[in-house]
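**Q** Supplied in structure tokens, the structure appears directly below.
Read-outs: derived from the displayed coordinates by stated rules, not from any lab. None of these values were measured; they are calculated from a predicted model. Neighbour counts run over all protein chains shown; Cβ positions are idealised from the backbone, glycine included.
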Ligand code: AMP
Ligand code: MN
Ligand code: MN
Ligand code: MN
């Protein structure tokens, strides 16, 4: 008999941010893939939480509320996942609404940059892929440039057009680390550093991120996530121990074709780490 690993997937996206499936479709896919405990973590948005929670219950999965907040730290964008908070908390809801507010202007500036590079109509084109008018993201531009035949896949669009120094890239100031942490912890949740292996920090800057995050009440770090290599699982397992952080696991699934990691399919957490979901037992919505 196969031993069943408790399958928690605490990082993924729906069409409420830059995923392509509805919260209900993500829930069904997670369950089909064997997920026992799920969190939908749309970017800077909790508008899908009630639907996700109901869909988790309908599919027999435990549910933790979730979001992934964009933060600017030492001039780089860092993502902080919040888990197990009260999704109706006013400071959280208002803080996220404020941070989302900058996206419209940024999108217009991105389109202007692309226009100068000879790509017209990108704002209108991206909008066709947007599920939530409040949340236009680089991913939506990427999907449009693929549709328009300018690139073969979204990764190529990011590489050629949407990353620093490229025509569609626009500097943007997101929330502060301190604001993001206070929104999450003030709403009773736990904050988790998302995919730390993705940032281009120097070792000193990364140490500063972890140190400041801890000092502000941050408690967790993603160790096993879609964009980490097996070597990074080990590296950030070490960081979790060094900083006495809870460990999280999440696919960062966005779309069946674009995402190379499907819901619920990653390896388990290294056995010596403390899973973040054990500290959130009291916040889990049981089916
Ligand atoms: P934004 O919040 O508008 O800056 O968009 C960030 C999103 O773009 C991330 O959450 C990813 O979904 C996606 N993304 C970032 N970098 C890449 C990349 N190199 N390839 C594909 N998608 C990416
Ligand atoms: Mn995304
Ligand atoms: Mn992210
Ligand atoms: Mn994500």
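**Q** Which order results if 227, 15 are arranged by neighbouring Cβ count within 10 Å, fewest first?
**A** With the sparsest Cβ surroundings first, the list reads 227, 15.
**Q** Please compute the alpha carbon radius of gyration of the range 193-287, then divide it by the globular-protein estimate 2.2 N^0.38 Å. Two decimals is fine.
**A** 1.11
**Q** Picking from 127, 37, 90, which is most flexible by a Gaussian network model of the chain using Cα springs under 10 Å?
**A** Maximum fluctuation in the GNM of the chain, among the listed residues, is at 90.
**Q** At what distance in nm do the modelled label points of residue 265 and residue 171 sit from each other, each positioned 7 Å from its Cα along Cα→Cβ?
**A** Reported label-point gap for residue 265 and residue 171 is 4.0 nm.
**Q** Pulled fully out, how much extra length does the chain show between residue 98 and residue 124, if you take 0.36 nm times their separation in residues and subtract their Cα-Cα distance? Could the numbers behind the result be given before it?
**A** Working: separation 26, 0.36 × 26 = 9.36 nm, distance 2.31 nm.
Full extension from residue 98 to residue 124 adds 7.0 nm.
**Q** Measure nothing fancy, just the Cα-based angle from helix 177-186's long axis to the longest principal axis of the chain, in degrees from 0 to 90, nearest 10.
**A** 50 degrees
**Q** Give me the angle, in degrees from 0 to 90, between the Cα long axis of helix 138-147 and the longest principal axis of the Cα atoms of the chain, rounded to the nearest 10.
**A** Once rounded, one gets 60 degrees.
**Q** Any chance you could tell me what percent of the C-alpha pair distances in the chain go past 25 Å?
**A** Counting every Cα pair in the chain, those more than 25 Å apart make up 45 percent.
**Q** If neighbour count is taken as other Cβ atoms inside 10 Å, put 236, 199 in order from fewest to most.
**A** Working: 236 26, 199 17.
Neighbour counts put them in this order, fewest first: 199, 236.
**Q** Where a ≥ b ≥ c are the square roots of the eigenvalues of the C-alpha gyration tensor, would you call the range 103-162 rounded, which needs a/c under 1.5, or, failing that, prolate if a/b is larger than b/c, or oblate?
**A** Because a/c hits 1.5 or more and a/b fails to exceed b/c, the range 103-162 counts as oblate.
**Q** Continuing with the same structure: Which of the three applies to the range 8-100, rounded, prolate or oblate, going by the alpha-carbon gyration tensor with a ≥ b ≥ c and a/c under 1.5 meaning rounded?
**A** prolate
**Q** Mean residue ellipticity at 222 nm from the helices of the chain, using -39,500 (n - 2.57) per DSSP H segment of n ≥ 4 over the full residue count, to the nearest 500 deg cm²/dmol? Don't jump to the answer; show the numbers that get you there.
**A** Values: 11 runs with 105 residues, N = 287.
One gets -10500 deg cm²/dmol as the mean residue ellipticity at 222 nm.
**Q** Taking the Cα centroid of the range 196-226 and of the range 1-50, what is the distance between the two, rounded to the nearest whole Å?
**A** 23 Å
**Q** Please determine, in degrees from 0 to 90 and to the nearest 10, the orientation of helix 230-242 with respect to the longest principal axis defined by the Cα atoms of the chain, where the helix direction is its Cα long axis.
**A** Once rounded, the angle reads 60 degrees.
**Q** Ranked from highest to lowest mean number of other Cβ atoms within 10 Å per residue, what is the order of the peptides 60-73, 247-260? Can you show the working numbers first?
**A** Values: 60-73: 22.9, 247-260: 20.6.
Averaged packing, sorted descending, gives the order 60-73, 247-260.
**Q** To the nearest µm²/s, what D does Stokes-Einstein give for the range 56-167 at 37 °C and 0.692 mPa s, using the Kirkwood radius over alpha carbon pairs as Rh? Write out the running numbers ahead of the final one.
**A** Values: Rh = 16.0 Å.
Calculated translational D: 206 µm²/s.
**Q** How high is the FRET efficiency from residue 105 to residue 153, r the C-beta distance, R0 41 Å, rounded to 0.05?
**A** Computed FRET efficiency for residue 105 and residue 153: 0.90.
**Q** A follow-up question, please. Would you list 12, 151 from fewest to most Cβ contacts within 10 Å?
**A** Starting with the residue having the fewest Cβ neighbours, the order is 151, 12.
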